[in-house]
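Since every read-out is calculated from the coordinates, none of them should be taken as a lab result. All values derive from a computational prediction rather than experimental measurement. Don't worry about glycine lacking a Cβ; one is built from the backbone with ideal geometry, like all the others, and counts go over all protein chains shown.
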Amino acid sequence: MTLRRFLHSPEALAGAAIVSALAVMALVAPLLFPADPLSIAGRPLTPPFQDWSLPLGTDRLGRDVLAGLFHGARTSLAVGLAAASAAIVAGSLVGTAAGFASGLTDDVLMRITDAFQTVPGFLLALAFVSVAGPSLATVVGAIALGAWTGPARIARAEILSIRERDFVAGARIVGMHPVEIALREVLPNALPPVLALSSVIVAGAILIEASLSFLGLGDPNRVTWGGMIAEGRAVLRSAPFLSIIPGIALVLSVLGVYLVSEGVVEASATRRSLS
Amino acid sequence: MPLLPLSRRSLLSGSAALLASTALPAHLRAQETPKKGGRLIVAADSEPRNLNPAMVASNGVFFVASKVVEPLAEASFDGADGLVPRLATSWEGSDDGLSVTFRLREGVTWHDGKPFTSADVAFSALNVWKPLQNLGRVVFKDLESVDTPDEHTAVFRFSKPTPFQLIRNALPPLTSVLPKHVYEQGEIADNPANTAPIGTGPFRFAEHKPGEYYRLERNASYWDKDLPLLDEIVYRVLPDRAAAAGALEAEEIHLAAFSAVPLADLARIAEVPGLKVVSRGYEDLTYQLVVEINHRRKELADRKVRQAIAHAIDRKFVVDTIFLGYATASTGPVPLNSKTFYTDEVPLYAFDPARADALLEEAGYPRGGDGKRFSLKLLPAPYFNETRQFGDYLRQALAVVGIDAEIVNNDAAAHQKAVYTDHAFDLAVAPPVFRVDPAISTTILVQSGLPDGVPFSNQGGYRNEAIDALIAKASETIDPEARIALYREFQKLVAEDLPLINVAEWGFVSVAHESVGNIANNPRWVVSNWADTWLGA
């Protein structure tokens, strides 16, 4: 039912097409472009559609823009997924602990969440990366640091209602350990709405990663779209394609992820109202 | 930006004439006579807080302060020994190298009206240049006293023979004279005149609006009665490099120096009517692109590995692609444009990856299963686009010969700490400056025994007794010819042993409106006093 609704929405379909294209690009990048995408492949600043071995041209050092685009998709997607997973795992654990324990623990955990929510996520990431040094792992950590609060709040709200249900009382009477109840009985039931948030986090993570790379705080040993845009900025007036091509890729991916998440929310919302 | 509402109008009136002037043939324009008056607006990409050029001898400070505070002599394309008099009218070294006598200009007054005398020179030399100045600490290390037999004579006395040639070469960048009566009270480093300098120069310091502009005004009582020609100089703070090009095209500024317009944009901007691209005026401020090496790393302590790295770098690619032709490939630690000291009789390292591979095999570092011999940390200095791009290039060039370099990016402060204090690098890309004489800021790059934390010095743990002895001997050799011969030997030893790898050397590029006259008429024009610069109508 849900799937059918999803498939009937053209926006969701477009989003799914973009996201699958992105995933395919990321998967085939090492097969199509086995060389290091940062290696020098041809004459510097070749414009697009001139040399068919380098269809999208080359940048200021002669690096293949198309190879960069494919390998950049890998980085973007990897960072997006890793940051979203980290944020959701951390957020739902904190939310579960707060909702299930209640009392002082709840207060403390929720005030910490508030504190993180008051600081803009991008600022937090910027500060974290400039202290810890730019590498893929710190970038993922930095993005997750600003993104876990959303899942934490939603998980807590869900758990507050679930923990009053009969099956939880049943588990308690059977003598299950509270931690076991929280993790095995309550959390799985609270997860679906939290997961619905994941695509929004992925889209946000892709953007934050690109912004960090644009500011020179990305991993310099990997191709990233933000880094490509920043590279192209110096020659914006004479070779605008260097910034425009990765810019378009970035816009499309974020748009795609948003459309998919819209579609999922829409489809599941209807299902809920029906049931 | 509510900056100087007049600027737009005066520039517009100027620009109409400017359009007319571009219609004239070039030889007619060149004959235009200098004209008095006008406000020159230039782009400033950094905003130094301390504007005391006697303490901080750096180009960022000189760019503004050299118009206010003058040195004893300025560099010149055609003067004797490459100098023209400023506050000193003549200089003479004794045969034993133990003293230098300066005759000082008479009738010079400070901007606050007090007369300029030899006491000011003695005070500046002993209390500022020698103990406080980044470069003066090296050159004036043996200065013992300054005698002032009369108000217009200063005799520098050295405890050890000090080459007169070195002192002469150091006059333009190192000898900005400060007013004793302003600085003698309290700490020199805390003096308010450091942010609002008082000098004898053709322009007085008027104001600084942080984040917006510096403004200098004509000094009506300048010692050269006919100068300066301009009424005002305004430095508009434009930290974004793309903004400088836009501001020039929109006729909001007249001049952008220090390659404020990115090299990649020059070909386009050279076509814009009314703008000229000038690469002269930086001859005495040659920047060098250098790979610094941490000799504490076992692999890099091996000369063969260093030679392999030198062979792996395609200097022509670096010059043509990264510097777009606005640079020269280097052969050693002294740049080609230093006619006095340069020699090409040094070992050269042609681009030859096969040779590099062979050297690495010989050194005992075979390729592993993944084609890699060993891994290194590479720290490109973040100061220039070109140093960062060269870092990207070097990583690829090393990958070809099986060395896996991981780039570590830092901001300026963290980079200095990592390389010059913590030594947390294997290779670093640095842009040191060659300032006319190797003893000013070049020998320090390879000399051993320096304390940790001195920026732009040998912090790679390199120690070569032959080179150290040569540097020590040259620093006490009085005879110019013998001294030059020693520095040629120095270049040979450095190129042979490669304590660091010199890749390319470059000067900056200025972009100016056609209406700006007398630009680039000395080898450090950008950081000279601009007294004869003028603005056509």
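Evaluated at 4 °C with a viscosity of 1.567 mPa s, what Stokes-Einstein diffusion coefficient in µm²/s does the stretch B:38-163 have when Rh comes from the Kirkwood expression over alpha-carbon pairs?
The diffusion coefficient I find is 81 µm²/s.
Compute the FRET efficiency between B:D78 and A:L104 as 1/(1 + (r/R0)^6), taking r as their Cβ-Cβ distance and R0 = 60 Å, and round to the nearest 0.05.
Between B:D78 and A:L104 the formula returns 0.10.
Taking loop as defined by DSSP and a crowding limit of 14 other beta carbons within 10 Å, which chymotrypsin sites (Phe, Trp or Tyr not before Pro) in the stretch A:40-80 fit?
For chymotrypsin sites (Phe, Trp or Tyr not before Pro) across the stretch A:40-80 that sit outside H, G, I, E and B with at most 14 neighbouring Cβ atoms in 10 Å, the list reads A:F49, A:W52.
How much net charge surrounds A:T113 when only the other residues with a Cβ under 9 Å from the Cβ of A:T113 are counted, with Lys and Arg +1 and Asp and Glu -1?
With Lys, Arg at +1 and Asp, Glu at -1, the net is +2.
Cα extents of the stretch B:89-166 along the three principal axes, largest first, in whole Å?
37, 27, 18
For the stretch A:2-274, what Kirkwood radius comes out of the mean inverse Cα-Cα distance, in Å?
Answer for the stretch A:2-274: a Kirkwood hydrodynamic radius of 20.5 Å.
Beyond 19 Å, what percent of the Cα pairs of the stretch B:67-126 remain?
36 percent
Taking 7 Å along the Cα-to-C-beta vector as the label spot, tell me the B:A270-B:N127 distance in nanometres, rounded to one decimal.
Computed distance between label sites B:A270 and B:N127 equals 5.0 nm.
Rounded to the nearest 0.05, what FRET efficiency do B:N50 and B:D147 give with R0 = 30 Å and r taken as the Cβ-Cβ distance? Could you check?
FRET efficiency, B:N50 to B:D147: 0.50.
Across peptide B:392-404, what mean number of C-beta atoms from other chains lies inside 10 Å of a residue's C-beta?
Averaged over the peptide's residues, the number is 3.
So for B:H254, A:H177, B:H181, B:H152, fewest C-beta neighbours within 10 Å to most, what's the order?
A:H177, B:H181, B:H152, B:H254
Given a cut-off of 18 Å, name the pairs among B:K130/B:K180; B:K377/B:K417; B:K130/B:K160; B:K35/B:K209; B:K35/B:K225 whose C-alpha atoms lie farther apart than that in the structure shown.
Listed pairs above 18 Å: B:K35/B:K209.
Alpha carbons only, please: Rg and Dmax for the stretch B:286-506, in angstrom.
16.6, 57
Cβ under 13 Å from B:R315's Cβ, B:R315 left aside: what net charge do those residues give with Lys, Arg +1 and Asp, Glu -1?
Around B:R315, the surrounding residues sum to -3.
Ratio of alpha-carbon Rg to the 2.2 N^0.38 Å globular estimate for the stretch A:53-118, to two decimals, please.
1.96
Using only the alpha-carbon atoms, how far is helix A:198-214 inclined from the longest principal axis of chain A? Give it as 0 to 90 degrees, nearest 10.
Approximately 40 degrees, to the nearest 10.
The stretch A:162-275: percent of C-alpha pairs farther apart than 23 Å?
That tail contains 55 percent of the Cα-Cα pairs.
Can you put B:F164, A:F116, B:F116 in order, fewest other beta carbons within 10 Å first?
Result, fewest neighbours first: A:F116, B:F164, B:F116.
Ranked by Cβ crowding within 10 angstrom, fewest neighbours first, how are B:E151, B:E74, B:E252, B:E489 ordered?
With the sparsest Cβ surroundings first, the list reads B:E151, B:E489, B:E252, B:E74.
Take peptide B:313-322, look around each residue's Cβ out to 10 angstrom, count Cβ atoms belonging to other protein chains, and average those counts.
Counting other chains' Cβ atoms within 10 Å and averaging over B:313-322 gives 2.
By DSSP, what percent of the beta bridges with both residues in the protein assembly as shown are antiparallel, rounded to the nearest 5?
So the antiparallel bridges in the protein assembly as shown amount to around 75 percent.
Could you work out, residue by residue across A:35-45, how many beta carbons of other chains sit within 10 Å of that residue's beta carbon, and then give the average as an integer?
Mean partner-chain Cβ count within 10 Å for A:35-45: 3.
Can you check how the C-alpha radius of gyration of the stretch B:276-368 compares to 2.2 N^0.38 Å, as a plain ratio?
Against the empirical 2.2 N^0.38 Å value, I get 1.30 for the stretch B:276-368.
Please work out the FRET efficiency for the pair B:R137 and B:S375, using the Cβ-Cβ distance as r and a Förster radius of 45 Å; give the result to the nearest 0.05.
0.75
Using per-residue counts of other Cβ atoms within 10 Å, averaged over each peptide, order B:184-196, A:246-258 from highest down.
Output ranking for B:184-196, A:246-258: A:246-258, B:184-196.
Find the all-direction average of the projected area of the Cα convex hull for the stretch B:91-240, expressing the result in square nanometres with one decimal place.
10.4 nm²
First select every other residue whose beta carbon is under 15 angstrom from the beta carbon of A:P47; then total the charges, Lys and Arg +1, Asp and Glu -1.
Value of the local net charge: +2.
Along the three principal axes, how long is the stretch B:307-348 when you take its alpha carbons, biggest first, rounded to the nearest angstrom?
If we take the Cα atoms of the stretch B:307-348, the spans are 29, 26, 11 Å.
Can you bin chain B into rounded, prolate or oblate? Criterion: square roots of the alpha carbon gyration tensor eigenvalues sorted a ≥ b ≥ c, rounded for a/c under 1.5, prolate for a/b above b/c, oblate for the rest.
Oblate is the answer for chain B, as a/c is 1.5 or above yet b/c matches or exceeds a/b.
Report, for the stretch B:286-506, the % of DSSP beta bridges that are antiparallel, rounded to 5.
If we restrict to bridges inside the stretch B:286-506, about 65 percent are antiparallel.
Given the convex hull over the Cα atoms of the protein assembly as shown, what projected area results after averaging over all orientations, in nm²?
43.3 nm²
Determine the gain in length on full extension of the stretch B:N518-B:K492; use 0.36 nm per residue of separation and subtract their C-alpha separation, reporting nm with one decimal.
5.5 nm
Shape of the stretch B:394-537 from its Cα gyration tensor (a ≥ b ≥ c, root eigenvalues): rounded if a/c is under 1.5, otherwise prolate when a/b > b/c, or oblate?
Oblate, because a/c is 1.5 or more while a/b does not exceed b/c.
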